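Trainee: Before anything else, here's the structure in question.
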Amino acid sequence: MNTERLQNLYALIRENLAYLVRKTSLAIMTLVLIFSVVIAVLFLLSGKPFHTNWLLALFWGTAIALINLNLSYPLGFALIGKREIEAIDKPERLFDLYFGTGLVMALFMIIVPILGLVVSVLLFGTSASIYFLMGVSIVSFFSRLGGGIFSKGSDISSDLVSRSNPGIHSNDSRNASSIADKIGDHFNNGLALTLDLVESLMGMVIAVSIYLQDYLRQQVIAPSQYLSVLAYPFLILLGSVMISFFAGFVVLFLKRKTMLGQLLKPVHGIYLSLLLIIVFFLVFSHYYSLSVLENLGTLGLPTGIGPFVCLLSGLILAVITGIVTDYYTSDAHPPVRELLQFAEYNSSLTELNGLAVGMKTLYIPIIFAVFSFLVAFHISGFYGIIMVATGFIAIAPIIIASSLYAPFADQVNGVTKMELGDAPSRVGMEELNIAGNTLSALAKNYASMSALIVVFSLFIAFIKLAHLPYLSIPIFHPLIISALFVGGVLPFILSSTLIRALTYTVIMMFEESTRQLQAVPYLIERKTFPDMRHFIRISGVTIVRDLVYPSLFVLVIPIAIGHFLGLETLSAVFIGIMISGTFLSMTFTNAVAAFDNAKKMIEKGYAGGRGTQTYEHTISGDLFGDALKDLAGPVLNHFIKVMIVVSMVILPIITN
């Protein structure tokens with residue numbers, strides 16, 4: 001094993017990941033400045049007051065998100081150090097290393113925004129909290145968009161390069177697209193996915209705050225009651241964060257120091273976290289006084305039990321989402337194994353059956369979500385629905401920690417494959433990667449459902465903030481029905497725009513990778529590496545150009561519809577976006593996760609193993625789905641959230 005070359009390859013990936021993050025951060029800061037100027041001008045033209053504190057909160061939220069974006073992986077790489085190379089032939093040690101690193105990174109990426117929100121409220125006031133969230137949302141949205149295009153463009157391009165250049169493989173250190181794929185996985189499946197879930201966590205706290213502020217303004221509740229009811233979900237989330245990390249570190253300790261080492265996996269940290277959080281919900285709800293809810297009717301339950309039931313139903317929804325994801329995407333269950341049978345014939349049957357699997361994953365979580373919302377509303381109104389969302393989001397910290405394991409596992413699997421091929425020292429690497437794929441699929445599906453849950457909570461806050469008479473909105477009015485259709489089609493338009501942008505990026509990356517194979521001296525002989533800085537620079541030009549249309553989407557649509565057609569129409573558009581966007585995202589994520597794990601099964605030796613026609617068919621399905629699973633699906637989650645946040649920010653402009 002050439003240890004020095006492995007170290008150089010790791011250094012190349014890490015250095016260029018930092019370079020990609022810096023370039024992305026600069027582009028995002030430019031967009032935030034443009035957004036802030038546009039919003040300030042709109043307020044000025046409308047004659048509505050615009051406070052400096054709001055603008056400062058927007059910049060502060062952006063800065064906090066960019067701190068996460070730029071410092072989390074340097075922290076992780078510093079923790080790993082050279083131990084990764086030393087344990088390269090001991091996958092069980094790599095597992096402990098990656099899971100422990102993921103826990104510390106997740107702790108950093110959650111604590112920083114929480115502290116940032118507290119500072120924002122203290123310095124700029126509670127009215128500026130939605131601007132803080134807007135800053136976080138913009139960074140999260142465009143990180144996922146740019147990261148998805150870069151990651152999946154390089155992934156597909158690496159396969160095209162291998163097919164058109166004999167002797168060059170899709171996992172080859174001479175293939176610039178292949179190295180870019182490893183960089184993009186850290187960015188897209190690590191940073192962007194984590195920012196998505198952190199944004200949901202922040203959005204949940206801010207939704208409760210905005211919802212209750214309206215009751216405070218109308219003097220329905222006293223200031224002391226407002227603080228009591230507001231503190232309840234905040235303390236629940238804060239306690240859940242601490243419990244999640246405690247559970248993760250307990251599992252890590254037991255794995256390293258006891259005989260359970262061979263049995264424990266990241267998912268056991270999730271199980272332990274669930275159990276401890278349920279106990280915490282029950283005890284905390286029992287002793288916490290919520291006297292303001294006594295008049296809201298709690299199904300005959302004591303005051304403390306009503307909110308607990310709402311929280312528990314949200315947590316159960318998270319568990320159901322995880323179980324459904326595991327059943328339909330894991331190679332241990334029939335749906336993925338059936339894909340192998342279809343793959344024996346051709347790739348079209350594989351893709352059709354995979355899409356069918358993705359569609360089937362929707363109905364159980366959605367039906368239970370509807371049931372939970374109705375029960376919670378009967379218990380304590382819209383506040384109960386927000387408590388369901390709080391219970392669902394409470395498990396986000398351990399999901400984040402577990403999902404951060406996946407990019408490290410995928411990288412070590414890919415890098416060792418580049419340098420060692422199928423050498424015996426790689427035994428166990430595929431298992432690490434498969435565990436990472438399952439956790440990544442779980443996190444992505446959880447993110448899709450959390451987008452629906454959190455946006456529903458923010459939508460409730462939007463209705464309150466806009467003082468809409470939601471019980472008297474004419475749902476059968478032609479304008480409202482038309483708005484539902486318009487909202488339903490917007491996620492399809494955005495998905496189409498993203499997929500087309502990806503295809504052009506793939507062509508550009510393919511041409512640059514091919515050019516470097518011919519132009520970079522000694523690259524073919526493996527005496528040097530591709531020029532990744534140049535690769536990222538020219539890719540960045542294309543990707544920044546692709547950010548223009550989504551920027552117009554999130555800013556122009558709410559202003560135009562709200563100003564010219566009214567808030568009732570804008571609300572109907574949001575409902576259409578929530579429904580079709582969430583369904584598309586979950587279908588894309590689960591269908592392609594099934595493709596991916598079917599391919600991994602063959603790589604483990606099933607159905608004749610690598611080199612067979614069956615394997616080629618699963619590769620085709622996996623590449624076809626990459627644009628859906630890691631670009632269109634995740635970006636839709638962010639699109640839903642950033643649309644409602646932008647609408648809440650510009651609400652004074654579009655209302656009289």
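The values are calculated or read from the model by the stated rules, or taken from the named source; none is laboratory data. Computed from a predicted structure; not experimentally measured. Don't worry about glycine lacking a Cβ; one is built from the backbone with ideal geometry, like all the others, and counts go over all protein chains shown. Each accessible area value is taken on the protein alone, full model and side chains, heavy atoms only, with ligands, DNA and RNA left out. Shrake-Rupley method; radii C 1.70, N 1.55, O 1.52, S 1.80 Å.
Trainee: Which of the helices (runs of 4 or more DSSP H) contained wholly in segment 327-405 include at least 2 residues that are farther than 30 Å from VAL250 by Cα?
Mentor: 334-343, 347-360, 363-393
Trainee: Kindly indicate which of PHE583, PHE535, PHE574 is over 27 Å from SER36 (Cβ atoms), open to solvent by less than 30 Å² (accessible area, probe 1.4 Å) and of a type in the set (A, V, I, L, M, F, W, C).
Mentor: PHE535
Trainee: Filter segment 166-208 down to the residues that are in a loop (DSSP other than H, G, I, E, B) and among the acidic types (Asp, Glu) and list them by number.
Mentor: Once the filter is applied, which keeps residues that are in a loop (DSSP other than H, G, I, E, B) and among the acidic types (Asp, Glu), segment 166-208 yields only ASP172.
Trainee: Just checking, how many residues over segment 476-508 are among the aromatic types (Phe, Trp, Tyr) and modelled with pLDDT of 90 or more?
Mentor: Qualifying residue count for the region: 2.
Matching residues to (1) at pLDDT below 85; (2) surrounded by fewer than 21 Cβ atoms within 10 Å (Cβ to Cβ); (3) within 26 Å of LEU212 (Cα to Cα):
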site: ALA343; (1), (2), (3): yes, no, no
site: ASN346; (1), (2), (3): yes, yes, no
site: MET359; (1), (2), (3): no, yes, no
site: PHE382; (1), (2), (3): yes, yes, yes
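Trainee: Do we find that ILE654 is farther than 19 Å from LEU502 by Cα, touching a residue at least 24 places away in the same chain (Cβ under 8 Å) and out of contact with any strand residue (DSSP E or B) (no Cβ under 6 Å at 6 or more places or on another chain) in this structure?
Mentor: yes
Trainee: Quick one: which residue in PHE43, PHE50, PHE35 is in a loop (DSSP other than H, G, I, E, B) and surrounded by 14 or more Cβ atoms within 10 Å (Cβ to Cβ)?
Mentor: Among PHE43, PHE50, PHE35, only PHE50 is in a loop (DSSP other than H, G, I, E, B) and surrounded by 14 or more Cβ atoms within 10 Å (Cβ to Cβ).
Trainee: Return only the number of the condition from (1) open to solvent by 10 Å² or more (accessible area, probe 1.4 Å); (2) at pLDDT below 85; (3) not aliphatic (A, V, I, L, M) that PHE595 does not satisfy.
Mentor: Unmet condition: (1).
Trainee: Then there is this: Among the residues of segment 5-32 satisfying the criterion of being β-branched (Val, Ile, Thr) and open to solvent by less than 60 Å² (accessible area, probe 1.4 Å), which is nearest to ALA128 (Cα to Cα)?
Mentor: The residue in question is VAL32.
Trainee: Could you go through segment 488-501 and let me know if any residue there is among the aliphatic types (A, V, I, L, M), more than 26 Å from the chain's Cα centre (by Cα) and surrounded by fewer than 22 Cβ atoms within 10 Å (Cβ to Cβ).
Mentor: no
Trainee: Would you point out the residue of segment 555-566, among those that are of a type outside the set (Gly, Ala, Ser) and under 29 Å from the mean Cα position of the chain (by Cα), that is surrounded by the fewest Cβ atoms within 10 Å (Cβ to Cβ)?
Mentor: Step by step, filter segment 555-566, then rank; the result is VAL556.
Trainee: Let me ask something else about it. If we scan segment 304-311, do we find a residue that is modelled with pLDDT under 85, over 20 Å from GLY203 (Cα atoms) and aliphatic (A, V, I, L, M)?
Mentor: Within segment 304-311, one or more residues are modelled with pLDDT under 85, over 20 Å from GLY203 (Cα atoms) and aliphatic (A, V, I, L, M).
Trainee: Next question, about the same structure. Looking at (1) surrounded by fewer than 22 Cβ atoms within 10 Å (Cβ to Cβ); (2) closer than 26 Å to ALA396 by Cβ, which one does ASP89 not meet, given that it meets all the others?
Mentor: (2)
Trainee: Does segment 520-533 contain any residue that is in contact (Cβ under 8 Å) with a residue 12 or more places away in the chain and part of a helix (DSSP H, G or I)?
Mentor: yes
Trainee: Another question, then. With VAL198, VAL241 as the choices, which residue is surrounded by fewer than 24 Cβ atoms within 10 Å (Cβ to Cβ) and within 18 Å of the chain's Cα centre (by Cα)?
Mentor: VAL241
Trainee: Being hydrophobic (A, V, I, L, M, F, W, C), at pLDDT below 75, under 30 Å from GLY100 (Cβ atoms) and assigned to a helix (DSSP H, G or I), is that true of even one residue in segment 285-300?
Mentor: No; the residues of segment 285-300 include none that is hydrophobic (A, V, I, L, M, F, W, C), at pLDDT below 75, under 30 Å from GLY100 (Cβ atoms) and assigned to a helix (DSSP H, G or I).
Trainee: In segment 602-613, which residue that is touching a Phe, Trp or Tyr at 6+ places or on another chain (Cβ under 9 Å) and either of a type outside the set (D, E, K, R) or closer than 28 Å to LEU458 by Cα (or both) is surrounded by the most Cβ atoms within 10 Å (Cβ to Cβ)?
Mentor: Restricting to residues being touching a Phe, Trp or Tyr at 6+ places or on another chain (Cβ under 9 Å) and either of a type outside the set (D, E, K, R) or closer than 28 Å to LEU458 by Cα (or both), the top hit is ILE602.
Trainee: Determine which single condition LEU216 fails, assuming it passes every other condition in (1) touching a residue at least 40 places away in the same chain (Cβ under 8 Å); (2) of a type in the set (A, V, I, L, M, F, W, C); (3) open to solvent by 10 Å² or more (accessible area, probe 1.4 Å).
Mentor: (1)
Residue-wise test of (1) open to solvent by 30 Å² or more (accessible area, probe 1.4 Å); (2) touching a helix residue (DSSP H, G or I) at 6+ places or on another chain (Cβ under 9 Å).
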residue: VAL319; (1), (2): yes, yes
residue: HIS333; (1), (2): yes, yes
residue: VAL336; (1), (2): no, yes
residue: LEU339; (1), (2): no, yes
residue: LEU349; (1), (2): yes, yes
residue: ILE367; (1), (2): yes, no
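Trainee: Considering segment 122-170 alone, what residues qualify as being touching a His at 6+ places or on another chain (Cβ under 7 Å), polar (S, T, N, Q) and open to solvent by less than 10 Å² (accessible area, probe 1.4 Å)?
Mentor: SER140
Trainee: Sort through VAL592, VAL556, VAL541 and tell me the only one that's assigned to a helix (DSSP H, G or I), touching a residue at least 60 places away in the same chain (Cβ under 8 Å) and closer than 26 Å to SER143 by Cβ.
Mentor: VAL592
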